[in-house]
1. Modelling each spin label as a point 7 Å along the Cα-to-Cβ direction, I'd like the ASN62/ASP44 distance in nm, to one decimal.
2. Within region 40-55, which residues have the backbone N less than 15 Å from the label spot 7 Å out from GLU33 along Cα→beta-carbon, could you tell me?
3. First measure r as the distance between the Cβ atoms of GLN24 and LEU174, then evaluate 1/(1 + (r/R0)^6) with R0 = 30 Å and state the FRET efficiency to the nearest 0.05.
4. What distance in nm separates the simple spin-label points at LYS162 and THR114, each placed 7 Å from Cα in the Cβ direction?
5. Using mean Cβ contacts within 10 Å as the protection proxy, how do 157-168, 131-142, 104-115 order, highest first?
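Values in this text are rule-based calculations from the coordinates and carry no lab data. Just so you know, these numbers come straight off a predicted model, no measurement behind them. All Cβ positions, glycine included, derive from the backbone under ideal geometry; neighbour counts span all protein chains shown.
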Amino acid sequence: VLKADQAGKMSYGRIDLGGTYFIQGLYCNFSSEYNGKLIIYYSDHYQRCMVYETKDGGETWNKVIGDIISGTNWHKTVTAAGFVTDEIGFVSYGYIGTEQPGMRTYITIDGGKTWKTSGITLPSNIIQDGYGEVVEMKYENGKLISTVVVRGGSFTEDICYKYVSTDNGSTWTLKND
C-alpha cells in the first residue's frame, strides 16, 4: 500500500490479508493526512471486495469488513470504487454480458460496515438496451454527485449523465445542466 511520510516521500507498506487472494485492483482514498480507506477487489470465481481503513497515515490497516460485495456471476467486474468522505463510499460493477442490463452500484454511508444498492435508476428511454455504471462519485456542498456512463447494446459511444442526492444516496435526481 502506498503511503507518505511527513516529508511527503512515498513508500509502500504492507497489509496482512489473512490468506492468499488473486488481487485484481484497489482503490485508496485519504480524507486527511492520517485517515484513509482502501477497497481491494479480488477474484474468487466472482469479483469480491474487502474494505480496510487506517487512522495513522497508512502505518497500520484494519479490516472494516471482508467479502461484503460480491459479483453474482463472472460477468460482473469492478469498474470504479472509492470513498468520497470517511463514511460515504461506493463500488460499481460493470457488466460484460448483454443479457442483464441495469445498474450495479453499491453505496455505504457508515464507513464500509454495511452496503446497499445505490438506488440510482436509469429511465428506460436513457438505458435502452445498454447498461449503466457509476464511474465517479464526489461530495460537494452536502450533495453526492454521481457520474453515470451508459454504454453497450446499440450505443455507438458512451453517454454520461449526472445524478444528485441530498440525502446521502437514499434518493437520486437526474441533474439537467
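1. The modelled label-to-label distance comes out at 2.2 nm.
2. Residues 55 fall inside that zone.
3. In this case the efficiency is close to 0.45.
4. 3.1 nm
5. In descending order of packing, they fall as 104-115, 131-142, 157-168.
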